[in-house]
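Here the structure comes first, spelled out in structure tokens, and everything after it is commentary.
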Amino acid sequence: MNKVSLEVPEGCVFGILGPNGSGKTTMLGIVTDVLKATSGSFRWFDEEPQAAHRRKIGTLLETPNFYHYLSGERNLRIAAEIKGHGRDQIPDVLKRVNLWDRRHSKFSTYSLGMKQRLALASCLLGDPSVLVFDEPTNGLDPVGIAETRDLIKRLAKEGKTIILASHLLDEVEKVCSHVAILQKGKLIAAGHVDQVLANEDIAEVGAENLAKLESVLRSTNGWSSIKTEGNVVQLFYPVGTARLESINEHCFKNGVILNHLQLKKKSLEVKFFELTQSANTK
Amino acid sequence: MLKLLRIEWMKLKHYRTFWILSALYLISIVGLNFIVFYVQQRIFEEKQSKGLAELVIGNRPYSFPTVWQMTSYVSGFLLFLPGLLMIIFITNEYSFKTHRQNIIDGWSRKEFISVKLVLALIIAFASTLIVIITAMIFGFQLENSFSLDKFEHVGYFFIQALSYGLVSVIIAVVVRRGGLAIGIYFMYAVVLENVLSKVMNHWLNDTGRFLPLQSTDELIPLPVFERMQRQIIGAPNYPVLFVVVTLYLVAYLVFIQRKFLRSDL
């Protein structure tokens, strides 16, 4: 990690986005005291960090960590005991992640998805106000992924602060209100999701004479950039402002007949690629 | 601390390896002492050798008061077993990554490692208790009346057990991986240190007896043929030996704590 500084506002869903090995888990490891930073500091709840804070935070770090020879329920008892809670919430959290029927099975017999869900259940013990999820949908099947995202959204609605690390862009886009982007241990962007991951509309226009087409298109308004790509001209617009009808009309009036006209959404991957690329060249 | 111990107990209670090894340890202590006791009885009850044995060995080693020393001495050879248990228990935490999870869930690093050290203490204490009971079982088989002379050797056994336990904790927290830790522990405790100790005793002015585990072994000499033993190697300077042993124990504790408090988990 290199000079990363950020603040997570209370009650938000804060996404930490970055490719594999960008330092997401390292950062979360440092704030949960399992990794030691060479320098720097962090605070929880505006206080100097201490073990008691972590009892009020539900954390899933990297992998589900449980005693293989104990049943799911007994594992949760240990977690509840460490967090200083009674056992009364265990049935409730097990039901929330659909593991109630398998509560007596040994952890070692669980599938990857079940292990992950047990870890989520453990996070929910004690109804913590802050939740830290590191790749929470790792290893889950599509249904499990949808359920987990649903759970995170519901938790967010309950007003909990959620820190979600992920390399999945759409995951962050779907559930987060804020986002920080990490690359090679550096923070390259942070802020509201719609600002950081602001999308663009792309209008692809094609005609016989590309040179003439481009010069005609340049006289339209509203676009932010324009370029010829292969046998089409691409016009970039801020989200939701591209008007294909007016492009078509404008070209026709100026004597250019279109053979191709298509509206494309710029993919998040491209956006993300751009962000990380520009950070590379800086 | 009781709360922490209760959680450790939750981890151990349903761990079959723990129960099997503990049972094995208990049986081994009683069993090994029984074998030696049986050999002693055979020697002393053979008509021809009886007089000779009494002449050379003196009192039967398993009679009071030497029984305290004899049982401690013999049981000392089995101390690798609770060490093995300790290593398995701690390296399990590393391989399940539950050492991380315990911290994440709200234990401080100090709490995590302290309770492991207390566990080593409890195991040493339990081992001592087993030795006391075993010594009494065999002591009362023979005619000598009960005596607490030489009972200090049981105390030495406690120190020895603690030393083996803490060395196993060190290897576990440094090596982290179960198989490798067990391998290193056995190689060192059973083979390497003994060889090294003999070599150092021979060429380096009897300094081999001050090696970590050997120094606690030296506290309890075999209560038989002591004069012959002393011809091979002189009696250790006991005050110095005690200082060395204490220093080792303190060093173990300091090292383990620092290692766990400061490194990445």
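Laboratory data are not the source of any read-out in this text; all were calculated from the coordinates shown. Values in this document were obtained by computation on a predicted structure and should not be read as measured data. Note that each Cβ is placed from the backbone with ideal geometry, even for glycine, and that neighbours are counted across all protein chains shown.
Think of the protein assembly as shown as having a plus end and a minus end, set by charges on the Cβ of Lys, Arg, Asp and Glu; of B:Phe37, B:Thr17, B:Ile27, B:Phe37 sits farthest toward the positive end of this dipole. Tell me which of B:Val173, B:Asn59, A:Ser22 sits at the most positive position along the dipole axis of the protein assembly as shown, charges placed on C-beta atoms (Lys, Arg +1; Asp, Glu -1). Projecting each Cα onto the dipole axis, the largest value belongs to B:Asn59. For chain A, the equivalent ellipsoid derived from the alpha-carbon gyration tensor has semi-axes of 47, 21, 15 Å in decreasing order. Could you tell me which of the pairs A:Lys174/A:Lys271; A:Lys24/A:Lys115; A:Lys24/A:Lys174; A:Lys153/B:Lys11; A:Lys115/A:Lys153 are separated by over 26 angstrom between their Cα atoms in the structure shown? Too far apart for the 26 Å limit: A:Lys153/B:Lys11. If you wrap region B:2-262 in the convex hull of its Cα atoms and look at it from every side, the mean projected area works out to 15.4 nm².
Given the pairs B:Lys3/B:Lys110; A:Lys83/B:Lys110; A:Lys36/B:Lys259; A:Lys186/B:Lys97, which span a C-alpha to C-alpha distance of over 18 angstrom in this model? Distance filter (> 18 Å) returns A:Lys186/B:Lys97.
The alpha-carbon positions of region B:137-210 define a convex hull whose volume is 152 Å³ per residue.
A straight line joining the Cα centroids of region A:67-108 and region A:1-66 runs 24 Å.
Distances longer than 18 Å among the Cα atoms of region B:1-155: what percent of all pairs is that?
Values: 7701 of 11935 pairs.
Beyond 18 Å sits 65 percent of the P(r) for region B:1-155.
For A:Ala165, the amide hydrogen comes within under 5 Å of the amide hydrogens of A:Ile16, A:Phe133, A:Asp134, A:Glu135, counting only partners 5 or more places away or on other chains and with H modelled in the peptide plane. Here the Karplus curve 6.51 cos²θ - 1.76 cosθ + 1.60, taken at θ = phi - 60°, turns the phi angles of region A:7-16 into couplings of 10, 9, x, 5, x, 9, 9, 9, x, 10 Hz, with x standing for Gly and Pro. What distance in nm separates the two pseudo spin-label positions at B:Ile20 and A:Glu10, each 7 Å out from Cα along the beta-carbon direction? In this crude spin-label approximation the distance works out to 5.3 nm.
Angle check, please: helix B:152-175 long axis (alpha carbons) against the longest principal axis of chain B (alpha carbons), in degrees 0 to 90, nearest 10. Compared with the principal axis, the helix lies near 30 degrees. Between amide H atoms placed 1.01 Å from N, distances below 5 Å from A:Glu200 occur with A:Lys266, all of them 5 or more places distant or on a separate chain. Across region B:112-124, coupling constants 3J(HN,Hα) worked out from phi with the 6.51/-1.76/1.60 Karplus curve, θ = phi - 60°, read 4, 7, 4, 5, 5, 5, 5, 4, 4, 5, 5, 5, 4 Hz, and Gly and Pro carry x.
In summary, the lysines within cross-link reach of A:Lys253, defined as a Cα separation below 17 angstrom excluding same-chain residues under 8 places away, comprise A:Lys212.
With a cut-off of 19 Å on the backbone N, the residues of region B:82-125 near the modelled label site 7 Å out from B:Met1 along Cα-Cβ are B:107-125. Using Cβ point charges alone (K and R +1, D and E -1), the dipole size of region A:200-265 about the Cα centre works out to roughly 80 debye. The rule of thumb for compact globular proteins, 2.2 N^0.38 Å, goes into the C-alpha radius of gyration of the protein assembly as shown 1.43 times.
Between B:Ser145 and B:Arg230, what FRET efficiency follows from the Cβ-Cβ distance if R0 is 30 Å, with the result rounded to 0.05?
With a Förster radius of 30 Å, E is 0.55.
Counting, for every residue in A:45-54, the Cβ atoms of other protein chains within 10 Å of its Cβ and taking the mean gives 2. The distance separating the Cα centre of region A:170-247 from that of region B:65-110 comes to 62 Å.
Taken over the C-alpha atoms, region A:200-265 has Rg and Dmax values of 10.4, 28 angstrom. Counting only Cβ charges, +1 for Lys and Arg and -1 for Asp and Glu, the dipole size of region B:17-121 around its Cα centre is about 160 debye. Using only side-chain charges placed at the Cβ, +1 for Lys and Arg and -1 for Asp and Glu, the dipole size of the protein assembly as shown relative to its Cα centre rounds to 380 debye.
Computed from the Cβ-Cβ distance with R0 of 45 Å, the FRET efficiency linking A:Gln262 to A:Glu48 stands at 0.20. If R0 is taken as 51 Å, the Cβ-Cβ distance between A:Asp194 and B:Asp264 corresponds to a FRET efficiency of 0.90. Note that region B:125-172, at 20 °C in a medium of 1.002 mPa s, gets a Stokes-Einstein diffusion coefficient of 177 µm²/s from its Kirkwood radius over C-alpha pairs.
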